[in-house]
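Notes follow once the structure below has been shown.
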Amino acid sequence: MTGTLRGLRSVHAFRPAPPGAAKLSYSMGLPGGAHCAGSARGAVRSLLTRHGLPDLCDTAALAASELVVCAHRFTPDREVVLKLRWQFDALRIVVYDQHPAHSTPEASEECRRGRSRGMWLLAAVVEACGGDWGLTPVLTPMGGTKAWALLPLSR
């Protein structure tokens, strides 16, 4: 993934979001560990239901779970940050992890390819709903990775 938007449908193909969606903006720290995927699923389902977006619950819960699991695979037992935000008629799910910075661009690219291969289920689900996903390094001295999914509210 290069982080570019691809294959998104015309804005006319989406239905309007409920009024409560505009206030959906959350950030939470998860302590790390495989069990955090279940916590992420539960939190996403609860928040989307409260904000009038129950149609996105299954897809968003799966996407959040896959993002957290990938972060756990590459930074086991280290804290991750999960962010949910409704913006521009789509749900944005972002997970930041603490993956150490790589010493060379080649090592960084190989790591990115490895992560992308491990996210085939996320890719299939997001593509099926007309969304997008990607991975980018976090530009801090300590490193880190930002993995994200963009899920539109389709008709």
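The values are calculated or read from the model by the stated rules, or taken from the named source; none is laboratory data. What you see is a predicted model; the values in this text were computed from it and never measured. Positions of Cβ are generated from backbone atoms using ideal geometry, with glycine treated the same way; all protein chains shown enter the neighbour counts. Surface accessibility is based on the protein's heavy atoms, side chains included, excluding ligands, DNA and RNA. Shrake-Rupley method; radii C 1.70, N 1.55, O 1.52, S 1.80 Å.
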Selection from segment 69-86 of residues open to solvent by 40 Å² or more (accessible area, probe 1.4 Å) and in contact (Cβ under 8 Å) with a residue 60 or more places away in the chain yields PHE74, ARG85
Of the conditions (1) surrounded by fewer than 17 Cβ atoms within 10 Å (Cβ to Cβ); (2) of a type in the set (Lys, Arg); (3) not in a helix (DSSP H, G or I), the single one that ARG92 does not satisfy is (1)
Quick count over segment 138-155, residues being closer than 19 Å to ASP97 by Cβ and either part of a helix (DSSP H, G or I) or in contact with a strand residue (DSSP E or B) (Cβ under 6 Å, 6 or more places away or on another chain) (or both), is 9
Counting only residues in segment 20-68 that are in a helix (DSSP H, G or I) and in contact with a His (Cβ under 9 Å, 6 or more places away or on another chain), the one most open to solvent (accessible area, probe 1.4 Å) is identified as LYS23
If you go through GLU106, GLU110, GLU127, the only one that is in a helix (DSSP H, G or I), of a type outside the set (Phe, Trp, Tyr), in contact (Cβ under 8 Å) with a residue 60 or more places away in the chain and open to solvent by 20 Å² or more (accessible area, probe 1.4 Å) is GLU127
